[in-house]
Amino acid sequence: MVLSLVNGEVLAAEAAFDGLVVGAVTVEVQAEGFAPLVQFFAMEENTSAHLYLDLPDQLLHKVAAWRSGGAPKQVAFTPDGTELWVTQLVGDGVEAFAPRTGELLGSVSLPDGGSVEVIFNEAGTLAYVSQMETGSVYEIEVATREILRTLDGEGNWSKVMVLSSDEKTLWLSNWSSNDVSEIDLVTGEVRMRMRTVVTPRGLWVTPDNQRLYVAGFENGDIEMIDLVTRESTVIHRTGGAMRHLVGDDATGLLYASELGRDYVVVVDTATDEVEILAEVDNVPNTIDLSPDGRVLYVSSRGRNNPESYHLRGPEWGSIAVIDTATGAYLDAIIGGNQPTGLDVSPDGTMLAYSDFLDHRVTVYEIPSYEVLMAGNGGRWEAHLREIVK
């Protein structure tokens, strides 16, 4: 069966919908100003679906969008990709959604405030959620949403976390106390707090757990801490605002978003040499890699409101899609007000981001690398003309 719709009206159908339709259904949707969409359904029961049309030349395809709790700061897929956890900076804690539908699957209420970041152990059985107001990390059982332990990081205004490869150590960046807490997950106690550059935020640890990289926001620093000797070196300083780090374990390449300079850099951790990978839109923040390391995704908030960045600004936010080998632009998405949280699903098929000031989460399907490479930049050039409100 084929059902065709143009501008929301049924144009043609090979069979009428008389009760339950069983079998293969092809839905073709068209609307002025958008790329046509063809969607296939195997109809075995009553089915409802929200279909989204993309703007012309968009390579990633929108599949879901929904309203979340207050100020969604980060989004993270569980390791099996079945859930998307969303932290609420202004709210009760964390929400878990079905990523392709936005169905609320459950939530975790945290005492004493909202949440900033969430990460998972490799098995997907445990989640770790940071809380700025208390400098705490909550260890949560994913299946039951039960808080198992509250870990006191002993620092101030805690944000980003990373786990050691054996998952026995957690490092936590403390924005206001200018240090990183090293927490022993066996005992739940802080082993030590390591002094860092000013306002540490992003973290990445090498797979051998020998070196910890820290993004310093105040002065645009990238700092390397030798975890054996505890000595540190600032390997790069921009004078801007280094925010987020993501590394490729296979290649040893580390990527960092420079919020104050509107670009992303790449670090060869074998030599600690730093190069600019690509310029992006105003105020880049969260970044993530495809599982194969070939594509970097960058969320940019857009130009700040002159009165306060807490207010909606004169530009829409955006998501840039960048080839890590060349720095070429592969696609771009116009987001809402201040896209902040960002994550790629473990299998590389979905991209999720949060619009911080709109209290909204959006999910896109990611095509193959070959499709991205053949897409002539997707909507990168077009989005530059549309980003100003």
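The values are calculated or read from the model by the stated rules, or taken from the named source; none is laboratory data. Predicted model only: the values in this text are computed from it and were never measured. Virtual Cβ from ideal backbone geometry, glycine too; neighbours counted across all protein chains shown.
Residue count for the stretch 248-276, restricted to those that are assigned to a strand (DSSP E or B) and either buried (at least 22 other Cβ atoms within 10 Å of the Cβ) or over 19 Å from the mean Cα position of the chain (by Cα) (or both): 12. Residue-level analysis places VAL94 among those that are modelled with pLDDT of 95 or more, out of contact with any Asp or Glu (no Cβ under 6 Å at 6 or more places or on another chain) and either surrounded by fewer than 11 Cβ atoms within 10 Å (Cβ to Cβ) or not in a loop (DSSP other than H, G, I, E, B) (or both). Scanning the stretch 131-187 for residues that are surrounded by 18 or more Cβ atoms within 10 Å (Cβ to Cβ) and acidic (Asp, Glu) returns GLU139, GLU154, ASP179, GLU182.
The numbered conditions (1) of a type in the set (A, V, I, L, M, F, W, C); (2) touching a residue at least 40 places away in the same chain (Cβ under 8 Å); (3) out of contact with any strand residue (DSSP E or B) (no Cβ under 6 Å at 6 or more places or on another chain) are all true for VAL186 except (2).
So that you can scan it fast, the table gives a plain yes or no per residue for (1) assigned to a strand (DSSP E or B); (2) modelled with pLDDT of 95 or more:
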position: TYR309; (1), (2): no, no
position: ARG312; (1), (2): no, yes
position: VAL321; (1), (2): yes, yes
position: LEU330; (1), (2): yes, yes
position: GLY336; (1), (2): no, yes
position: ALA352; (1), (2): yes, yes
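Just wondering, is there one or more residues in the stretch 133-141 that are under 21 Å from PRO291 (Cα atoms) and assigned to a loop (DSSP other than H, G, I, E, B)? No, the stretch 133-141 contains no residue that is under 21 Å from PRO291 (Cα atoms) and assigned to a loop (DSSP other than H, G, I, E, B). Screening the stretch 173-222 for residues that are touching an Asp or Glu at 6+ places or on another chain (Cβ under 9 Å) and basic (Lys, Arg) and picking the one that is nearest to LEU126 (Cα to Cα) gives ARG191.
Of note, ARG243 satisfies the criterion of being basic (Lys, Arg) and within 22 Å of VAL162 (Cβ to Cβ). Taking first residues from the stretch 349-364 that are of a type in the set (S, T, N, Q) and partners that are surrounded by fewer than 23 Cβ atoms within 10 Å (Cβ to Cβ) and assigned to a loop (DSSP other than H, G, I, E, B), the Cβ contacts under 7 Å between residues at least 6 apart in sequence or on separate chains come to THR349/ILE366. Out of all the residues in the stretch 189-218, which are part of a loop (DSSP other than H, G, I, E, B), touching a residue at least 40 places away in the same chain (Cβ under 8 Å) and of a type outside the set (S, T, N, Q)? Once the filter is applied, which keeps residues that are part of a loop (DSSP other than H, G, I, E, B), touching a residue at least 40 places away in the same chain (Cβ under 8 Å) and of a type outside the set (S, T, N, Q), the stretch 189-218 yields PRO207, ASP208, PHE217.
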